[in-house]
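Heads up, the thing below is written out as structure tokens.
Derivation of every value follows stated rules applied to the coordinates shown; laboratory data play no part. Quick caveat: nothing in here was measured; it's all calculated off a predicted structure. Note that each Cβ is placed from the backbone with ideal geometry, even for glycine, and that neighbours are counted across all protein chains shown.
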Amino acid sequence: MRLKVIYLVVISSLLLAPFATADVRHEINIPDILGYKTLKCDFHIHTVFSDGTVWPTVRVDEAWREGLDAISITEHIERPHPHKEDIPINHNRSYEIALPRTKEKRILLIKGAENTRDTPPGHFNSIFLEDINPLDTEDLVDAIKAANNQGAFVFWNHPGWKPEHKGWFDIHTKLYENKWLHGIEVVNGKSYYPEAHEWCLEKNLTMLGASDAHEPIVGTEITPENHRPMTLVFAKEKSIKAIREALIAGRTVVWFENQLIGRPNYLRAIFMTAVQIHKPHHRQDDTIWFEVTNNSDIDIQMQRLGEDRPEKLTLLANAITIVKTKINGKAKRAELKYQLTNFLVAPDKGLQVNLIIRLR
Ligand SMILES: [Zn+2]
Ligand SMILES: [Zn+2]
């Protein structure tokens, strides 16, 4: 009898174990906009199949825990392969190993790879591939062409990685003019590249932000400042096909530390959807108090424009802020102009917004 009891206890704790561990998803709160789903994506990650230090399935688990919707594991096709004595080089293998886990974890996995050359030209990711082997070529141009033949979306990685070599070279013009280059990483890991941001604006290329993770992403608290850099993709639905369509159309914003980097229409739509301005709840002579709700994971930093004494305002993430301001006593509504200093529409240029407050 006693043995039976112990047996039952062991069985029940085994059954409970998967639910008791800290495998919990942290959902990212950045709203859907303009009729699109805002998908949280990281299209640049490594595993032990190139120079990373984790097994492919771990990348899927990490992505799920951090609230991502889609990832691409992009191993170096060429060097470095520090684990080649232990793990044979097989360009498609990390995708094949990770894929079954994505079904368990509701993550979209996009097949990709990184062509790795000295700068210039530098490193390039191709994603939405069917087979990575045709990208293993002598000449980089042949590899990028092979990727395009498979309908890939191709982007230039960390263009400011080696400052002594940075710049836009003839090879980039060649890829761009052939329409074989579709985007650039404006953010990679802990770096933001203002020149890449400018190139995306000038040449109408898609802006991307990625972790380029090589080490395990371990569980520190996720805050507005502390999270994996990622590309927000505005897609018609949560599917690989819809992500591809959105990337080709340039519908992205980069979330990097406590900054959003992207085109004004998308940044404005995020602000307008996340932020709600309430009617003043108190008034004394020509001063009003009103609440502003920020329903997003971004601390929105605002700088007043067109005033003698500019005031700074931070709308904390997922919180309500009370704003006190002077108004023209007879007006039916007040219009306050702000620059959002952490919504970057160009290097060092924040998005301008008008807050309209109804007074009656
Ligand atoms: Zn690289
Ligand atoms: Zn890389």
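How much net charge surrounds Trp168 when only other residues with a Cβ under 13 Å from its Cβ are counted (Lys, Arg +1; Asp, Glu -1)?
Working: positive: Lys166, Lys174, Lys203; negative: Asp170, Glu177, Glu195, Glu198, Glu202.
In short, -2.
Can you find, among Leu344, Thr102, Cys200, the residue farthest towards the positive end of the dipole of the chain? Put +1 on the C-beta of Lys and Arg, -1 on that of Asp and Glu.
Leu344
List the aspartates and glutamates whose Cα lies under 17 Å from the Cα of Lys236, skipping any in the same chain that are fewer than 8 positions away.
Asp32, Asp69, Glu245
Evaluate the charge dipole of region 250-340 about its Cα centre and quote only its size in Debye, nearest 20, assuming +1 on the Cβ of each Lys and Arg and -1 on the Cβ of each Asp and Glu.
My answer is approximately 400 debye.
So what does log10 I(q)/I(0) come out to for region 142-190 at q = 0.19, 0.28, 0.31, 0.32 Å⁻¹, using the Debye formula with one equal point on every Cα and no solvent?
For the requested q values the scattering log ratios are -0.67, -1.11, -1.20, -1.22.
Quick check on packing: order 244-256, 139-151 by the mean number of other C-beta atoms within 10 Å, highest mean leading.
My ranking of the peptides, most packed first, is 244-256, 139-151.
Which aspartates and glutamates have a Cα lying under 18 Å from the Cα of Lys203, excluding residues fewer than 8 positions away in the same chain?
In chain and number order, the partners are Asp170, Glu177, Glu185, Glu195.
Find out how many positive minus negative residues lie around Thr74, taking Lys and Arg as positive, Asp and Glu as negative, among other residues whose Cβ is under 11 Å from that of Thr74.
Around Thr74, the surrounding residues sum to -2.
Can you put Tyr176, Tyr338 in order of Cβ neighbours within 10 angstrom, beginning with the fewest?
Ordered from fewest to most neighbouring Cβ atoms within 10 Å, Tyr176, Tyr338 come out as Tyr176, Tyr338.
Could you list Lys326, Lys111 in order of exposure, starting from the residue whose Cβ has the fewest other Cβ atoms within 10 Å?
Lys326, Lys111
For a quick check: sort Glu75, Glu237 by the number of other beta carbons within 10 angstrom, fewest at the front.
Sorted ascending by nearby Cβ count, the order is Glu237, Glu75.
Taking the chain as the reference, fit the longest principal axis to its C-alpha atoms, fit the long axis of helix 194-203 to the helix C-alpha atoms, and give the angle between the two in degrees, 0 to 90, nearest 10.
Computed tilt is about 90 degrees.
Non-local amide H neighbours of Ala317 (under 5 Å, H modeled in plane, Pro and chain starts lacking H): which ones?
Under 5 Å from the amide H of Ala317: Asp299, Ile300.
Which entries in Lys103/Lys145; Lys279/Lys337; Lys105/Lys162 show an alpha-carbon gap greater than 27 Å?
Values: Lys103/Lys145 31 Å; Lys279/Lys337 17 Å; Lys105/Lys162 36 Å.
Correct reply: Lys103/Lys145; Lys105/Lys162.
Of the peptides 211-223, 115-127, how do they stack up when ordered by the mean number of other Cβ atoms within 10 Å, highest first?
Working: 211-223: 14.2, 115-127: 20.8.
Going from most to least packed, we get 115-127, 211-223.
In debye, nearest 20: dipole of the chain around its Cα centre with unit charges on the Cβ of K, R (+) and D, E (-)?
My answer is approximately 1960 debye.
Can you tally the net charge around Lys111? Count Lys and Arg as +1, Asp and Glu as -1, for every other residue whose Cβ sits under 9 Å from the Cβ of Lys111.
Result for the neighbourhood of Lys111: -2.
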